[in-house]
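Structure first, commentary second.
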Amino acid sequence: MPIAPSRVRTTVEVHLAIDTPWGMFAFLKGLPRVEIAVHSIHYLDLIRGFLGDPRGVHAKTIGHPSSDMAQTRTTAILDYGDEVRSAMSINHNHAFGRKHQAAEFRFDGTEGAAYAKLGLLLDYPRGEPDELWIRSKGESEWTEVPLRGSWFPDAFIGRMANLQRFCAGEDTHLIASVEDAWTTMALVEAAFESSAKPATPLKAHP
């Protein structure tokens with residue numbers, strides 16, 4: 001059940017500074033839309049799952065001189081009004097070693113916080129272990145939540161397994177509706193549309 005933004009004062013952030021081996025994804029070369037459409041779409045979908053649908057999005061997605069992909073870097077702000085802040089900072093071209101790379105989600109609320117490390121994206125495709133940490137208001141320490149499995153094939157336990165079982169007649173209904181997927185795609189389209197528009201210009205000096 002999505003959290004009602006009007007009742008929660010919170011921040012949801014996605015931060016990636018990684019070195020994605022684009023050579024493994026040759027099928028993406030030549031496509032006019034890459035980063036948001038095939039990568040950050042998953043983060044937008046997850047944010048919608050927690051916060052519901054935003055009022056709109058401000059976004060800019062661009063490429064990088066070291067890559068022949070259309071876009072590999074994205075910045076986006078999702079508008080949930082004055083009590084919720086949600087932002088993505090995505091950089092697939094941080095090729096300066098593991099030390100300061102990052103692949104993480106941060107949830108900061110008035111009653112607690114959570115931190116998730118997306119281990120697969122660090123040293124892809126070998127990856128590192130995923131991590132999930134939580135801390136409630138008033139507690140002095142963070143608590144790590146035990147996780148099981150790895151990205152492949154365990155990612156297919158949830159929605160993907162449900163879709164496959166539904167198609168095989170083993171499940172009677174889909175966890176995620178077609179309408180929900182359509183709305184995520186509408187958010188993707190809005191982000192690309194925002195990126196194509198000019199920014200608010202500075203006023204000329206009088």
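Which condition does Ala204 not pass, out of (1) of a type in the set (A, V, I, L, M); (2) in contact with a helix residue (DSSP H, G or I) (Cβ under 7 Å, 6 or more places away or on another chain); (3) assigned to a loop (DSSP other than H, G, I, E, B), if it passes all the others?
Every condition holds for Ala204 apart from (2).
Select from segment 138-165 the residues that are modelled with pLDDT of 95 or more and surrounded by 10 or more Cβ atoms within 10 Å (Cβ to Cβ) and list them in ascending order.
Glu139, Trp142, Thr143, Glu144, Val145
For segment 24-53, name all the residues that are surrounded by fewer than 13 Cβ atoms within 10 Å (Cβ to Cβ) and in a helix (DSSP H, G or I).
Residues satisfying the conditions are Met24, Ala26, Phe27, His42.
Taking only pairs six or more apart or across chains, which ones have beta-carbon atoms under 7 Å, a first residue in segment 81-109 that is on the phi > 0 side of the Ramachandran plot, and a second residue that is surrounded by 14 or more Cβ atoms within 10 Å (Cβ to Cβ)?
Gly81/Pro5
Pairs needed: first member in segment 21-44, without any contact (Cβ under 8 Å) to a residue 12 or more places away in the chain and under 24 Å from Met160 (Cα atoms); second member anywhere, surrounded by 11 or more Cβ atoms within 10 Å (Cβ to Cβ) and of a type outside the set (Asp, Glu); C-beta distance under 7 Å; at least 6 residues apart or different chains.
Val38/Leu28
Kindly state which strands (runs of 3 or more DSSP E) lie completely within segment 54-130 and contain at least 1 residues that are closer than 15 Å to Ala17 by Cα and touching a helix residue (DSSP H, G or I) at 6+ places or on another chain (Cβ under 6 Å).
Where strands (runs of 3 or more DSSP E) fall fully within segment 54-130 and carry at least 1 residues being closer than 15 Å to Ala17 by Cα and touching a helix residue (DSSP H, G or I) at 6+ places or on another chain (Cβ under 6 Å), they are 56-62, 73-79, 84-91, 102-109.
Being within 22 Å of Gly52 (Cα to Cα), surrounded by 15 or more Cβ atoms within 10 Å (Cβ to Cβ) and among the charged types (D, E, K, R) narrows it down to one residue among Glu179, Glu128, Glu104; which is it?
Glu104
List, please: which pairs have Cβ atoms under 7 Å, are six or more places apart or on different chains, and start with a residue in segment 136-153 that is assigned to a helix (DSSP H, G or I) and end with one that is surrounded by 10 or more Cβ atoms within 10 Å (Cβ to Cβ)?
Going by the 7 Å Cβ cut-off, the qualifying pairs are Trp151/Leu120; Trp151/Gly127.
Go through segment 139-151 and give me each residue that's of a type outside the set (D, E, K, R) and more than 15 Å from Asp108 (Cβ to Cβ).
Ser140, Thr143, Val145, Pro146, Leu147, Gly149, Ser150, Trp151
Mind checking which residues of segment 10-23 are modelled with pLDDT of 95 or more and outside any strand (DSSP E or B)?
Ile18, Thr20, Pro21 - these are the residues of segment 10-23 that are modelled with pLDDT of 95 or more and outside any strand (DSSP E or B).
The values are calculated or read from the model by the stated rules, or taken from the named source; none is laboratory data. Predicted, not measured: the structure shown is a model, and the values here were computed from it. A quick note on method: Cβ atoms are made from the backbone with ideal geometry, for glycine too, and the neighbour counts reach across all protein chains shown.
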